[in-house]
Amino acid sequence: MSDLHDLMTAVDLPPGRVDIGRAVADGRRRSRRRAVLGAGAAVLVVAGSFTAVQQVARRSVPVPVPIPAASPPASPAPPPGCTVETYAQSGTVEAVDESGQYLVGTAPNPVLWKDGKPTPLAGATGTPTAVNGSGVVVGYDSNDQDQFRGWVWRDGHLTRLGKATGYKWTMPTAINAQGDIVGYALGDALDVSIPVLWRADRPGTAVKLKLPSGVGANGVIMSRATGIADDGTIVGVVKGVPARWRPDGVGAALALPSPDNNGGYVNGVRGHLAFGVFYGKGVVEIVRWDLTTGTMASLGSDSGGMLSGTADGWVVTWGEPGDPPVRISPDGRRIPLTQPAGVVGMTRAVSGDGATIVGFTAGTTHRPVVWHCRP
Amino acid sequence: MRADSEAEYVAYVTARLPALRRAAFLLCGGDVDRGDDIVQLTITRLYQRWRQASRADNLDAYVHRMLVHTFADEKRRAWSRVRLLPESAADAAIEPQTAVDDRSALVAALRILPPRQRAVLVLRFLLDRPVEEVAEILGCSEGTVKSQTSRGLSILRSQLTVRN
């Protein structure tokens, strides 16, 4: 196809909004800010569209679960803060278990850290996605075509996760204390996915979760499981809409702040709290769901849409260069996360008690970053 | 930044902007808003590094590398749990079909390719980067670049034949 260059050049490019003047202004501002920071100083966060007060929707929305009025949970005393350490070797930390004991990541192959000591996951390649309190790890391999093969690693043995009938690829997203695993299955039409469960004692068998009828947007075919609690409750999305499945397998949509929406996403569950985002018109809001009461709290807007939560309702955003991660208290206060000197540390996960936050530095090569927060 | 360096930066970016926008547009599978966001972020970072960048042997290659890494970082950020076509959870829900330029058969065919294959084809054919540079930018071997190229081209060929 020697004329591919011509074909690409001939594509009709819609008008755009790239603004060189703004790039200069932003570039100057960032350079100045960097010059002001000393070693170990907290990053100055420009207050964005931050809502200080937890909002609880009282409108009824066209989803099954009614939303009783709820009072804000008692806010714990302001935390003393976090210290941060950056590991010397390159790699990433991708997940941490509920207790904060086990960290998993890549260096560059899958590795498990316990009490700061790394153990390579013998036989595993690719990227871990979750670990439980027994040190059981799930993850996936992928190739250049983004074809994912999920695995579980336990006591030194790697097992491939079973495929769902009709779907070639598997991606695990979470594992609970019992070792039950959830995630999703995909076909070669990469935009179709279905939520799947692999039981602890039968990782070779993929159990398809039943999609609740009438849930989700037409034309959106992404359905996934993204978290599993120790009681067997599963959370995820059904056709682009946040949802949960009870341990008996019955699924339902989760409440959203407004009926005027484009769905949302659930990032995970800790205890009886689920965390995710809501896609309104022109806004992405962080949402925390209480799965036992059915209440939902909106915690203000976020540009990235990716976050983790703790068992007592704190949220930690992933962050990115230009938009560093923050912790959000249960009542919606935003606290910038202490950053390592001279680099941007992005988060990926937090332990159940909020004391351990893990992630890695931004940039073309990454280094693991671990925050220790006094609870 | 000194005034003459800044003028130099503005001149460079003004001249290169259409090509960068086109590359980002194709990398994002025809999503002009995401593509422009990636270009905006890339040129902002370029401003911050202009002193170093303007001394590079091949400034175009340097900027193309930044563009692809910004694309990959943006993907990785939204993606390492949320991958695929449609590109991120946000895009899937917010603009399921409408953000995409469906008028172009080529853009639609490129959307079918996995992001990495798309990046290889855009770098090699739109931006004319040689194989060894593409390999370095994407962090893979030259052999992988070549095989990704032939696989990507054969998929494009079959898609464009069907559509015609």
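The values are calculated or read from the model by the stated rules, or taken from the named source; none is laboratory data. Because the structure is predicted, anything quoted here is derived from the model rather than measured. Please note: Cβ atoms are built from the backbone with ideal geometry, for glycine as well, and neighbour counts cover all protein chains shown. Calculation scope for accessible area: heavy atoms of the full protein, side chains included, ligands and nucleic acids excluded. Shrake-Rupley method; radii C 1.70, N 1.55, O 1.52, S 1.80 Å.
Worth a mention:
- Identity of the residue in segment A:148-177, part of a loop (DSSP other than H, G, I, E, B) and buried (at least 17 other Cβ atoms within 10 Å of the Cβ), that ends up modelled with the lowest pLDDT: A:167
- Residues that are over 19 Å from residue A:98 (Cβ atoms) and either of a type in the set (D, E, K, R) or at pLDDT 95 or above (or both) do not occur anywhere in segment A:227-238.
- Filtered residues of segment B:39-64 (kept if charged (D, E, K, R) and either crowded, with 21+ Cβ neighbours inside 10 Å or over 14 Å from residue B:23 (Cβ atoms) (or both)): B:45, B:49, B:51, B:55, B:57
- Condition check for residue A:359: crowded, with 24+ Cβ neighbours inside 10 Å and of a type outside the set (Val, Ile, Thr): yes
- Residue that is over 26 Å from residue A:181 (Cβ atoms) and modelled with pLDDT of 90 or more, where the choices are A:243, A:255: A:255
- Residue A:243 being over 22 Å from residue A:138 (Cα atoms) and assigned to a loop (DSSP other than H, G, I, E, B): no
- The residue of segment B:25-61 that is nearest to the chain's Cα centre (by Cα), among those that are at pLDDT 90 or above and among the hydroxyl-bearing types (Ser, Thr, Tyr), is B:42.
- Selection of segment A:109-133 for residues being away from chain B (no Cβ under 14 Å) and of a type in the set (A, V, I, L, M) yields A:111, A:112, A:121, A:122, A:124, A:131.
- Restricting attention to segment B:107-135, the residues being open to solvent by 60 Å² or more (accessible area, probe 1.4 Å) and in contact (Cβ under 8 Å) with a residue 12 or more places away in the chain number 3.
- Residues located in segment A:340-350, provided they are surrounded by fewer than 24 Cβ atoms within 10 Å (Cβ to Cβ) and either aliphatic (A, V, I, L, M) or more than 14 Å from chain B (Cβ to nearest Cβ) (or both): A:340, A:341, A:343, A:344
- Qualifying residue in segment A:222-233 (condition: touching a Phe, Trp or Tyr at 6+ places or on another chain (Cβ under 9 Å), open to solvent by less than 20 Å² (accessible area, probe 1.4 Å), part of a loop (DSSP other than H, G, I, E, B) and within 13 Å of another protein chain (Cβ to nearest Cβ)): yes
- Residue in segment A:261-277 that is polar (S, T, N, Q), within 14 Å of another protein chain (Cβ to nearest Cβ) and over 15 Å from the mean Cα position of the chain (by Cα) present: yes
- Strands (runs of 3 or more DSSP E) enclosed by segment A:279-357 - at least 1 residues per element that are in contact with a Pro (Cβ under 8 Å, 6 or more places away or on another chain): A:284-290, A:296-301, A:315-317, A:326-328, A:334-336, A:345-350
- Of the residues making up segment A:174-207, those that are in contact (Cβ under 8 Å) with a residue 40 or more places away in the chain and touching a strand residue (DSSP E or B) at 6+ places or on another chain (Cβ under 6 Å) are A:174, A:175, A:176, A:180, A:181, A:182, A:183, A:184, A:195, A:198, A:203, A:206.
- Flag: residue A:336 matches the condition of being under 30 Å from residue A:29 (Cβ atoms), touching a residue at least 40 places away in the same chain (Cβ under 8 Å) and of a type outside the set (Val, Ile, Thr).
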